[in-house]
Amino acid sequence: MAHQSLASRILPKPLQDDIERQIQPHLRQRASGDGVCSTKTARERRGHILGTVACLWQLGYRIRKLESLDKRHIDALMTHWEAEGLSAEFLHNRASVLRTLASWLGKRHLVGDLSDYFPKERTRRKTSTDEDLSCKGKGIDPIKVIAMARTIDERLAAMLAMQHAFGLRVKESIEIRPANSVVDGGDFIEVYSGTKGGKLRRIPVTDDYQRTTLAWVRQVAAGGKTGRLRWTDTTWRQAQNRYYYLVRERLRISKAQSDFTSHGFRHGYAHKGYEDRTGHPPPVVVEKGQRKPVPPPGLDRETHERASLAVSRALGHERLSATTSYYGTYGHRFRRRGGKVTIKP
């Protein structure tokens, strides 16, 4: 079955058609007004605009025409994207599309600068991290955090445990059905609900901590009718709000309060995955005390790239370069032997 976009799943077909008719004459126009843009850019604009309206519908703003867009809708989108922990690149991209759409609608001042919605450092685009954002890097004991969460709310603790053990995103840890996720005799879990773009992925189960976590989480989720890990009396949106409230107000975990966010569990998973596959800590850990990290003796470029690709796929990405935002990069410090290394699936 072909994958359906968010707009196709959420928006009524007549509304999709109306939006497409309205934006079609503008899609190939450059934002500057000079010349035309590529077919790819036009296609992406179309998808982003439809996806944005669908996102507003999910958030409870069921607008029926683009002219209805106002500042409260923009504020709601920015707040939602921040809660999702989306990248600075994503924020810049979507803000650009929203500004272009606003100009088509004659509402040039509808969308402010990103600094109007986010701290400056939140929107700074970097291709690679130079800061260890994992639990270990921030001096946080993940097991103690999970144990503390368990005294507050067992489902919250189970969500954090799945992020720590399997590198799940927040939404994935809320929406997962643990009883249905274990495959291949327990060697993998399959993650689908809550993934970006609805992409199914497999994550290897390799150690006793993961197996113990799975057994416990399956028991926790079994108490509900849907089999999901989220609270049984909530919708996805309500569960998300409850999750962030408990993490922020009860666990006191946030960038402002502890210089750490729960996304650090995912960073830690990436670090461990890299070290398990290479026998060496990741670049951002090696980098401490150095201006630029130097690959340790015994680590070659092919091993580094194979490990990084495996970690990227376990995290739900496809690109080798995606891991640099989790654990940095060695840049061009590997000697190239025989040209580019080909990494096969």
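Here, each number is a calculation from the coordinates, and none is a lab measurement. The model shown is predicted, which means the values in this text are computed figures rather than measured ones. Every residue, glycine as well, gets a Cβ built from its backbone with ideal geometry; the counts of neighbours run over all protein chains shown.
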Square roots of five times the C-alpha gyration tensor eigenvalues of the chain, ordered largest first and given in whole Å, equal 35, 27, 20
Between Gln29 and residues 5 or more places away or on another chain, the pairs with built amide H atoms under 5 Å apart involve Cys37
Inter-part gap, Cα centre of segment 102-136 to Cα centre of segment 255-275, in whole angstrom, is 21
Ratio for segment 142-264, C-alpha Rg to 2.2 N^0.38 Å, reads 1.00
Simple SL model, points at 7 angstrom along Cα→Cβ for Gln257 and Arg277; separation in nm is 3.4
If one compares the long axis through the Cα atoms of helix 208-221 with the longest principal axis of the Cα atoms of the chain, the angle in degrees, nearest 10, works out at 50
Here FRET efficiency (C-beta to C-beta, Asp18 to Leu59, R₀ 22 Å, nearest 0.05) is 0.65
Computed about the Cα centre, the charge dipole of the chain from +1 Lys/Arg and -1 Asp/Glu charges at the Cβ has a magnitude in debye, to the nearest 20, of 700
Computed over segment 6-123, the convex hull of the Cα set has an average projected area, in nm², of 7.2
Percent of all Cα-Cα pairs per 10 Å bin for segment 266-327, counting from 0 up to the last occupied bin, reads 24, 59, 17, 0
Computed Rg/Rh for segment 113-153 (Cα atoms; Rh = Kirkwood radius) stands at 1.19
Residues of segment 106-147 with backbone N under 17 Å of the label point set 7 Å from the Cα of Thr206 along Cα→Cβ are none
If the chain between Glu84 and Arg237 were fully extended at 0.36 nm per residue, the gain over the current Cα-Cα distance would be 54.0 nm
